[in-house]
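Bear in mind that the values in this text are calculations on the coordinates, not laboratory data. Not measured: the values here are computed from a predicted model. Every residue, glycine among them, receives a Cβ derived from its backbone with ideal geometry; neighbour counts consider all protein chains shown.
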Ligand code: SF4
Ligand code: SF4
């Protein structure tokens, strides 16, 4: 089984639009949206959930007000200023500020502090017109996105094995943070989508460095390549320096936005257009790279 991960150095490069079109072109696969902080592949795939699960990670402290004497000890020991004392004398802990160190829980003289698990988000298995999709939504302000990414990848792999699929097609997180690191390790091929801007070159090089570190082969797509030919040349030069092949140069196409508005992928929306043709060629090249 092969895993193809589509990533980008920053948001707004067209990564998800390209992933959506690849999803429409590739058969025999499970789709997974690993951009758990800001997922948007569902806008193109319109998934119908068949299974929903809570994502739990870590714990937080919670005072049982009737048992609290208001001694203030928990406020003194908390290094994260998560505890406030109410006018009625009992302590209240802000769950967003609590780091779950448990110090207040074990030192409260009245044993008045519970330590429940923290619900950080939800993850789903859904049906789409492109096959099964695994995706999630992390709640605002929650961390541990790396753990959630690992969980989604594991679930996608299990489903692909059960359903006899040969490919996991993953839409990754922009940037080089924890979720990207969790997405990259052990993947077969990273397709890096970039655009011809100065920051695009800088962000691309950071992602390529990460791919090299994890020994994941990378290929590059330059999106909107015609908007700035000089910068496109610089992107290509950066790829040469890193020994990475540019596998597609897509022209700026307002059809991508039309397709998103229609809740479809570009290859469905404008199948006869130039971009759809380029995306079909791209998929054909990726197929060869993955299975040759
Ligand atoms: S340490 Fe325990 S008893 Fe004292 S204020 Fe905090 S929760 Fe209440
Ligand atoms: S568990 Fe730790 S971080 Fe959370 S309120 Fe208690 S002392 Fe503060």
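Tabulated data for the structure shown
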read-out: Calculated [θ] (222 nm, deg cm²/dmol) that DSSP helices of n ≥ 4 give over the chain, each run adding -39,500 (n - 2.57); value: -11000 deg cm²/dmol
read-out: Packing rank of 96-102, 208-214, where each peptide gets the mean count of other beta carbons within 10 Å, highest leading; value: 208-214, 96-102
read-out: GNM flexibility winner over the chain from 72, 146, 186 (Cα, springs under 10 Å); value: 72
read-out: Efficiency of FRET from Cβ geometry, residue 227 and residue 206, R₀ 22 Å, rounded to 0.05; value: 0.50
read-out: Distance in nm between pseudo-label sites at residue 288 and residue 99 (7 Å out along the Cβ direction from Cα); value: 5.3
read-out: Hydrodynamic radius (Kirkwood) for region 61-115, which is based on Cα pairs only, to one decimal in Å; value: 10.7
read-out: Fewest-first sequence of 50, 182, 8 by Cβ atoms within 10 Å of each Cβ; value: 50, 182, 8
read-out: Ranked 135, 165, 202, criterion: other C-beta atoms within 10 Å, fewest first; value: 202, 165, 135
read-out: Listed residues 203, 188, 67, most fluctuating in the chain (Gaussian network, C-alpha, under 10 Å); value: 67
read-out: For the chain: relative contact order, % (alpha-carbon pairs under 8 angstrom, 6 or more apart); value: 27
read-out: For the chain, built as a Gaussian network whose Cα springs stay under 10 Å, the top-fluctuating residue of 218, 238, 84; value: 84
read-out: Order of 118, 153 under a 10 Å beta carbon neighbour criterion, fewest first; value: 118, 153
read-out: Estimated Rh, region 1-145: Kirkwood, alpha-carbon pairs, angstrom; value: 18.2
read-out: Rg over Rh [alpha-carbon atoms, Kirkwood Rh] for the chain; value: 1.10
read-out: Relative contact order for region 61-115, counting Cα pairs under 8 Å that sit 6 or more residues apart, in percent; value: 47
read-out: Rg followed by Dmax, in Å, when region 22-104 is reduced to its Cα trace; value: 21.5, 64
read-out: Relative contact order of region 1-89, pairs being alpha-carbon contacts under 8 Å that are 6 or more residues apart, as %; value: 16
read-out: Relative packing of peptides 166-175, 225-234 - highest average C-beta neighbours within 10 Å first; value: 166-175, 225-234
read-out: Gain on full stretching of the segment that runs from residue 199 to residue 28 - 0.36 nm per residue minus C-alpha separation; value: 58.0 nm
read-out: Convex hull per residue volume in Å³, alpha carbons only, for region 173-278; value: 112
